[in-house]
Structures are given as C-alpha cells and as structure tokens.
Amino acid sequence: MRITDVKIEKFSIELTEPFKVAFAEISRCENLLIKIETDEGYCGYGEAAPFAPVTGETFDGCAEVLGMFRQGLIGMNPLDIEKIHVMMDGLVHGNGSAKCAVDIALHDLKGKVMNQPLFRVLGGYQDVVQSDITIGIASPERMAELAENYVKNQGYHILKIKAGINPDDDLRALNLIRKAVGEDIRLRVDANQGYDVARAVYALEGMKKYGVEAVEQCLPDWDVDGAVFLKSKISGIQLMLDESIHTVKDAARVCKANAADILNIKLMKCGGLYRGGQISTIAENFGMTCMVGCMLESKVAITAGLSLVASRRNITEADCDSFMYYKDADTGMPGGFERSGDMFQLLEKPGLGLDISF
C-alpha cells in the first residue's frame, strides 16, 4: 500500500464566548484538516491546531510545513508510522501540530485497514473515558456560576479551573466554586505558567483549603528547577506539567528530575499519538501517571485524544473538552464518541469513526 495524495483544507472554529487563560484570550481559531489517500482505497483524516503561545506555530507556517510533509509522504507506506515520523523530524524541528495532523491521519487509516476502532489499535484498555470541563478566567462570581451549571445541569464531576493572573482572585474564585458545587466535586487548577515560585507557593498553600487535587504548570515552561523545588515544598496537592512537556526527551528530563507527579500529554505539542504513547511509557516507568489534554480542536483531534486515554492504563485523566465551547460542538463531523454527562463512550467503528466529507 502506498500514499497517493495528501489533501489539506482550512477550517474555522467559533466559540460561543471568549475563553481566557493566563496568557491569552481566544474567541475563534483556524485549524487545518488533512486527508491521506492510498492506492488501495483507504484514507485517513488528521488535524493540526497551531497555537503560537504553546506550539510555536502560526497557521500559515503550519500549512507550509504540511506542504513539505506532503512531498515526503507521497509513495510511502502509511503503516510505516515510525519511518514517517523519522522523515518528518528530519525535515523540520518542532512543529508538533503539523506532525500531529499526519500522525492522526495515519492512525485513522490504520484502524480502517484493521477494521478496528482507534482506541483498540492503540492498546484497548477501555472504551469509556471520563473528562473534566474547563472554566476560563473571568470574575470569581461568573466562574462559580459556570461551575454550578456544569455540575448541576451538564453532569460533570471534575472541574478544571484556569488561574495564574492574580493568586488572590484565584483563591476567591475557588472559594465561590467550592461553595457552589459542594464537597464531592473534584477540582484541579491550571495556572498556564502564570506564577513565579513565591506566588505559586502562596497560591498552592491557599488552595489546600478548597480540596484542590492537582495544579498544572505553575511556572514558566523552562523552569524545571523551580518545578522540582515546588514539588519538594508542597504536599497534599499533585503537581502537573503541561507546557514543559513537548517532546519525549522533555518527558524523560522531567521524570528523571522528579519535577512533577503527572504529565499532561497534548497531541499538538508532542506530534501525535505515536509520540504521546511514548511519553506515557516513560512516565509509567518512573511511576507517574498522565493526562491527555487538548487545544482548540475539532472532533478529529478530540476523538484521537480520547482514544489515547482509553488505550492505556497509565493515562488516568482526560481534559478533552474544548469542543464543548464551540457554536457547533460536532464541528460538522458526527461520530467518534457519544457523550452522557462527563462520560465519553468511544464508538465501535474503524479508525476515528467519524463521518467526514472532505
């Protein structure tokens, strides 16, 4: 089997309202879909969601890189996934979301060749995933209102609270959220690199009062030494790294330094499912667990992320919720999974199991 063509298409995602984190406010995004076609009639779909503050990619740059990959892919066997990653890594450094688009498409195609759903192709540990829902930075009162709605009206049991601008505002928001949702709801916090060491220690100690179970990326992505210090200083809250983990080597360095309790795998950072699985294996060998998070992605990448969670015992948490903020949650691509509250049932359809007309 050989790849005969790679088609690339731009699409836009509109949010129902602006979403704010410590370093950005977003109301819409532009992503890229790709379709890999073969001489045996199989095809696979993938997605790139470039986001310059995290992946270092612009939309135009990502499209240019995908054009480079297209030239290398033509004539290759789509099942030679490691060989294709070596080819992509040889052409360009980084560019995780462009590589991710190709990787997801290859795995979607592989699932179709095997006539198996993607979660089973990747490992098949389970077929149901529980995800959290994220609350962006707003007034503490608004954040508590959103939290109550997600819990009481939409059936979520795990809330991820964005923070990192002002520790006192963060603690006030957590106080109001805990009062609004009760003691049984799990809370985790994401500071998106917004704190320095001193503010992180202050905020983390204050968060204990509200039963926060984990805090993500308190410090700038480069400050692994600071993360090691925080982990030695703070007890009772698990510390997670996200923006510090792009590559397999990043994961190995963080694990060896004992700089975190949990690693957040994002397909757009690491280059897709193949590298995400490698990061999970490294973490497991160091006795650490993982979460799979997401960028502003369509059902293509969201289904891929949920499938990775379902495939591995070591990936215990999911933050695959961004599609919930869109005007069209299906993003024109029905299938992949069915949602009941915060539980996501992956479908018994080959590959991603999505209905895509492209």
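So here's what we get for this one:
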{"quantity": "Mean Cβ neighbour count within 10 Å, used as a protection proxy, ranking 290-302, 31-43, 332-344 highest first", "calculated": "290-302, 31-43, 332-344"}
{"quantity": "Of Leu308, Leu273, Leu176, the one that fluctuates the most in a GNM where the chain has Cα springs shorter than 10 Å", "calculated": "Leu176"}
{"quantity": "With Cα atoms, 0 to 90° folded angle of helix 140-152 axis to the chain main axis", "calculated": "60"}
{"quantity": "Dipole moment magnitude, nearest 20 debye, segment 243-326 about Cα centre, only Lys, Arg, Asp, Glu C-beta charged", "calculated": "320"}
{"quantity": "Relative contact order computed over segment 231-358 (Cα-Cα under 8 Å; 6+ residues apart), in percent", "calculated": "18"}
{"quantity": "Hz values of 3J(HN,Hα) by residue in segment 197-204 - Karplus curve (6.51, -1.76, 1.60), Gly and Pro given as x", "calculated": "4, 4, 5, 5, 4, 4, 5, 4"}
{"quantity": "Lysine pair number, Cα distance threshold 24 Å (strictly under), segment 237-358, separation 8 or more or different chains", "calculated": "10"}
{"quantity": "Net length gained if the chain between Ala252 and Glu205 were fully extended (0.36 nm per residue, minus Cα distance)", "calculated": "14.1 nm"}
{"quantity": "Helical contribution to [θ] at 222 nm, DSSP H n ≥ 4, -39,500 (n - 2.57), averaged over the chain, rounded to 500", "calculated": "-12000 deg cm²/dmol"}
{"quantity": "Student exercise, segment 111-268 dipole from Lys, Arg, Asp, Glu Cβ charges, in Debye to nearest 20", "calculated": "360"}
{"quantity": "By average C-beta atoms within 10 angstrom, highest first, the peptides 12-19, 222-229, 130-137", "calculated": "130-137, 222-229, 12-19"}
{"quantity": "J(HN,Hα) series, segment 247-258, from Karplus relation 6.51 cos²θ - 1.76 cosθ + 1.60, nearest Hz, glycine and proline x", "calculated": "9, 4, 5, 4, 4, 5, 5, 5, 5, 4, 7, 6"}
{"quantity": "Length released on extending from Tyr125 to Asn285, taking residue separation times 0.36 nm less the Cα-Cα span", "calculated": "55.8 nm"}
{"quantity": "Cβ-placed point charges (K, R +1; D, E -1), dipole of the chain about Cα centre in debye, nearest 20", "calculated": "580"}
{"quantity": "Charge-dipole axis of segment 120-230 as Lys and Arg at +1 and Asp and Glu at -1 on Cβ define it, positive-most pick from Met143, Val181, Ala163", "calculated": "Val181"}
{"quantity": "Three-way shape label, segment 16-145, alpha-carbon gyration tensor, a/c 1.5", "calculated": "oblate"}
{"quantity": "Under-5 Å amide H pairs with Leu354, H placed in peptide plane, nonlocal only", "calculated": "Gly336"}
{"quantity": "Between segment 18-59 and segment 249-302, the Cα center-to-center distance that results, in Å", "calculated": "18"}
{"quantity": "Cut-off under 5 Å, modelled amide H: who pairs with Ile265 long-range", "calculated": "Met291, Val292, Gly293"}
{"quantity": "Karplus (6.51, -1.76, 1.60) ³J(HN,Hα), θ = phi - 60°, over segment 181-189, in Hz, Gly and Pro reported as x", "calculated": "10, x, 7, 8, 7, 6, 10, 10, 10"}
{"quantity": "Segment 228-279 - percent of accessible surface contributed by carbon and sulfur, probe 1.4 Å", "calculated": "52"}
{"quantity": "Count of lysine pairs in segment 15-169 with Cα separation under 21 Å (8 or more residues apart, or interchain)", "calculated": "13"}
{"quantity": "Segment 7-94 - accessible surface per residue (Å², probe 1.4 Å)", "calculated": "48"}
{"quantity": "Cβ-based charge dipole, segment 211-336, positive-most Cα from Met240, Asn258, Met324", "calculated": "Asn258"}
{"quantity": "Relative contact order (%) - the chain, alpha-carbon pairs under 8 angstrom, separation at least six", "calculated": "20"}
{"quantity": "By average C-beta atoms within 10 angstrom, highest first, the peptides 279-286, 153-160", "calculated": "279-286, 153-160"}
{"quantity": "Crossing angle, helix 224-233 versus the chain [Cα axis fit, 0-90 degrees, rounded to tens]", "calculated": "40"}
{"quantity": "Residues whose placed amide H lies under 5 Å from that of Thr316, excluding near-sequence neighbours", "calculated": "Cys290"}
{"quantity": "Between helix 59-73 and the chain: long-axis angle, C-alpha atoms, 0 to 90°, nearest 10", "calculated": "40"}
{"quantity": "Accessible area expressed per residue, segment 139-216, with surrounding protein chains retained (probe 1.4 Å, Å²)", "calculated": "41"}
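The values are calculated or read from the model by the stated rules, or taken from the named source; none is laboratory data. This structure is a prediction, so every number in the text was calculated from the model and none was measured. Ideal geometry is used to build each Cβ from the backbone, glycine not excepted, and the neighbour counts take in all protein chains shown. Protein only, heavy atoms only, side chains kept; ligands, DNA and RNA dropped before computing areas. Shrake-Rupley method; radii C 1.70, N 1.55, O 1.52, S 1.80 Å.
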